[in-house]
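Below you'll find the structure, written out as structure tokens, and then a few comments.
Bear in mind that the values in this text are calculations on the coordinates, not laboratory data. The structure presented is a predicted model; accordingly, all values stated were derived computationally and were not measured. Here the Cβ positions follow ideal geometry from the backbone for every residue, glycine too, while neighbour counts run over all protein chains shown.
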Ligand code: FES
Ligand code: FES
């Protein structure tokens, strides 16, 4: 939102309280100063320019902004940026690698788990969080866990199938 | 000179184009897809924020923006007293500047204007906009603008709006009636005389919001002397330039609209006043301006029309429908944004898919102080299909015929016309310029009931008695939608460069349905190339390739055909090029399996283009026009786009909750150009249908819109998906689109509410007549909750 390092908004009209933060984002160390009221979504999107994390409801309802903090999916629109100090953040840009897609991403591609794709990064990050905690979730677990991620294009069946297949893939790899 | 040799694997080794991976998915699963909010804005871009009306209806007494103007970091302010000489009354109506003659004749007023002048007419009307160095400052400054309002009493329903003495929203109009429409054929009186049974019913559908996950609708704009740039996410790329031209007195060609990835639309992503105000701020400040809407602002951008349908149906002794008389009340919200389109679409679907000798619909649309209503997936038809498909069940049960059998007896058969002639607003037209029925409802019914493992036979006795706690029932619904209607002339261009890549240029925005992937397959198949040899560009109006827009199920047929045509023309270009480069005669060169061939010698596309000295890009244009028609009911129309669905539900009589256990949706796709995308459209439409049938509702009270964020407004989640949820496609390859395809993206949404209502009636013998079917309404209908 345009907070400069001296603790003013760009216009210089307000002084805001700042915190020093050191964290890893997608495995890369990042340190900087963040305003205490700045949410992680803005830090990621506006300052670090990781735009894969999406902004939608901005009220912790839809899941579009989901990222992992220490392996836990959180709504970055409602998570204060300074709280990532000393923790590690993974966004959609940190899933998979140049060498290849993550099994979840592969499954989303295979099953057309995305239409407009706007909810997709959030869906994948939530699903990541689920598989980290429960590598072979039941269908009921998938439904419960994923019900915080809204897909207005209505890809739910394909998303559920993708998560199931990715969980099988992770089991196979052992 | 490098000679890229694009070795093409034999067809057997190529990925199956009809069902292979979709071109756009990789970017979407890796976070690389760029939506509007993700674009890097040009240097010096300002951020805009809007001040919106907190009242649904008020007179603006004064606006004082001095504090905002003095606030450090603020660069521009725009409101009725800071207009920079621009016309605040510029009508912002998508169809206004291209009004059809009958709309013009009506002398419509009540359009949404550039910005509020004397009054605000809905909770969220834009009063002022501010541009500042950063978003925080812009929002703070917008909040400093002091507006003195004289609050007026708001109108929140059609009946309030037309009641004698109701306050008039648009004083110059003198009435709250926005539009009147009618369509009729046959002799209604004689029809009802023939009837042995007459049933009546009243069905209401409330206001809902499309809620694309990318809020509707942000923009990034730059007002320059030589060119005016707009980046935004609308479904109609050319809808913006006439308004910009009219506002600033520039040539439409000076306006360049570019459209990145779009995060869903469903009708909501339309031209908005904020885009023009942002441009005015860019002109005022000399800087690019970015306006990012919040989701709550999205709730104030657009909505579905609320409608009340009153139907009276006559059935003869043989179980044939002989007459149907319909009265429609349409609530169009604060402005004339979609009044004619939605009202007319409702009229031309009010009889469902049945052959009825005498029919009449009379419709009135009225202004209310609600968020302006506009196009919504299957515009006008989610409301009428709910009504007519419910009424059909009521009629069938009344005459003692099973509802499925009753439908079979009355549906329009393949080859039949709706009727011979009809009167549209009193004017007579042939009904035979619309195509005869080109689909088999019999087959659709069969597949729908099969899909949920049902024989299609409904219960004859209500399964609801005093001891029942949970009851199950099944219901069927059919939808009748026209495909590929209207639009001007559609153009596409294909090019081939030295790298052998074929590029498709066009202006058909992809809102998530897979338009670009569809065009890629059409081009690849037409040219005999693998799909990855084709790239499809994002819309950019600077190429001047006209297209009405991605709506009304027209894109597959119209843009698909234009692309196919362009590829056919490209074959000729390639032959001429091969002749120039390699000799022989142009007629001897043909495209075989993606290679330009003559007498057993063949070259790849890249080799042909690279054979030229200097830089050459081969180009070919393709076009498509729908069949012209004088008819004012449907206008030009290429095909019908019917659908069917069957639902099995469980009704909890203690809580009033409805659970859909099994749901099957069927669409006549003609030919699914990309199977997975087509199925995804059918299922996705049904998911949206579940939301608007069971819980989505824009509630107004105390002068405000109450359910205007994702917390208050309940959207369907994965938990709401029926345990058994399937789609099925009819593919007879008999449509007018490429390879026999038809438009189909809106066929599934209208069926959900009536299929569920019919299933509920089957379960408990109680008829739900008002969407959404909330537990409270179910309990009231069953008498377990007093009114
Ligand atoms: S944008 Fe954060 S949950 Fe919706
Ligand atoms: S793919 Fe469009 S919202 Fe999920």
Cα centroid distance between the range B:306-356 and the range B:399-431, in Å?
13 Å
With the contact rule set at Cα under 8 Å and sequence spacing of 6 or more, what percent relative contact order holds for chain B?
15 percent
Within 10 Å of each Cβ in A:59-65, the average number of Cβ atoms from other chains:
4
Could you list A:22, B:197, B:563, B:513 in order of exposure, starting from the residue whose Cβ has the fewest other Cβ atoms within 10 Å?
A:22, B:197, B:513, B:563
Could you state the angle between the C-alpha long axis of helix A:120-133 and the longest principal axis of the C-alpha atoms of chain A, as a value from 0 to 90 degrees rounded to the nearest 10?
70 degrees
Hits in the range A:44-86: amide N under 17 Å from the 7 Å Cα→Cβ extension of residue A:31, namely A:82-86
I'd like the FRET efficiency for residue B:173 and residue B:582, computed as 1/(1 + (r/R0)^6) with the beta carbon distance as r and R0 of 60 Å, rounded to 0.05.
0.30
Simple SL model, points at 7 angstrom along Cα→Cβ for residue B:187 and residue B:16; separation in nm is 5.7 nm
Mind giving me the nanometre distance, one decimal, between the label points for residue B:202 and residue A:169, set 7 Å out from Cα along Cα→Cβ?
5.6 nm
What is the distance in Å between the Cα centroid of the range B:127-174 and that of the range A:113-136?
40 Å
Sequence ranges B:157-168, B:77-88, ranked by mean other-Cβ count within 10 angstrom, highest first
B:77-88, B:157-168
Mean-square fluctuation maximum in Gaussian network of chain A, Cα pairs under 10 Å, restricted to A:48, A:150, A:25, hits A:48
Please compute the length gained on full extension between residue B:537 and residue B:148, using 0.36 nm multiplied by the number of residues separating them and subtracting their Cα-Cα distance.
135.2 nm
Give the relative contact order (percent, whole number) for the range A:103-173; include only Cα pairs under 8 Å separated by 6+ residues.
50 percent
Among B:630-638, A:57-65, how do they line up by average Cβ neighbours within 10 Å per residue, starting with the highest?
A:57-65, B:630-638
Counting only DSSP beta bridges with both residues in the protein assembly as shown, tell me the antiparallel percent, nearest 5.
80 percent
Can you tell me which of A:73, A:103, A:121 moves the most in a GNM of chain A? Springs connect C-alpha atoms under 10 Å apart.
A:103
quick note, the range B:210-302, DSSP beta bridge pairs, % antiparallel (nearest 5) is 65 percent
Determine, for B:122, B:538, B:386, the number of other Cβ atoms within 10 Å of each Cβ, and report the residues in order from fewest to most.
B:538, B:122, B:386
For the residue B:615, residue B:398 Cβ pair and Förster radius 51 Å, calculated FRET efficiency rounded to 0.05 is 0.10
Averaged over peptide B:134-140, how many Cβ atoms belonging to another chain are found within 10 Å of each residue's Cβ?
6
Shielding by partners, peptide B:671-683 (average Cβ within 10 angstrom, other chains):
2
Just report the Cα centroid separation between the range B:738-787 and the range B:181-218, whole Å.
14 Å
Specify the angular offset, from 0 to 90 degrees and rounded to the nearest 10, of the alpha carbon long axis of helix A:156-173 from the longest principal axis of the alpha carbons in chain A.
80 degrees
Approximate spin-label separation residue B:784-residue B:699, in nm, with each point projected 7 Å along Cα-to-Cβ
2.0 nm
Classify chain B from the C-alpha gyration tensor, please: rounded if a/c falls under 1.5, else prolate or oblate depending on whether a/b exceeds b/c.
oblate
Ranked B:371, B:411, B:117, B:308, criterion: other C-beta atoms within 10 Å, fewest first:
B:117, B:308, B:411, B:371
Relative contact order of the range B:210-302: what whole-number percent is it, with Cα pairs under 8 angstrom and at least 6 residues apart?
44 percent
Compute the FRET efficiency between residue A:60 and residue B:427 as 1/(1 + (r/R0)^6), taking r as their Cβ-Cβ distance and R0 = 56 Å, and round to the nearest 0.05.
0.55
Dividing the alpha-carbon radius of gyration of the protein assembly as shown by 2.2 N^0.38 Å (N being the number of residues), what value is obtained?
0.94
With each run of n ≥ 4 DSSP H residues scored as -39500 (n - 2.57), what mean residue ellipticity at 222 nm is computed for the protein assembly as shown after dividing by its residue count and rounding to the nearest 500 deg cm²/dmol?
-7500 deg cm²/dmol
Is the range B:331-475 rounded, prolate or oblate when judged by the Cα gyration tensor, a ≥ b ≥ c being the square roots of its eigenvalues, rounded requiring a/c under 1.5 and prolate requiring a/b larger than b/c?
oblate
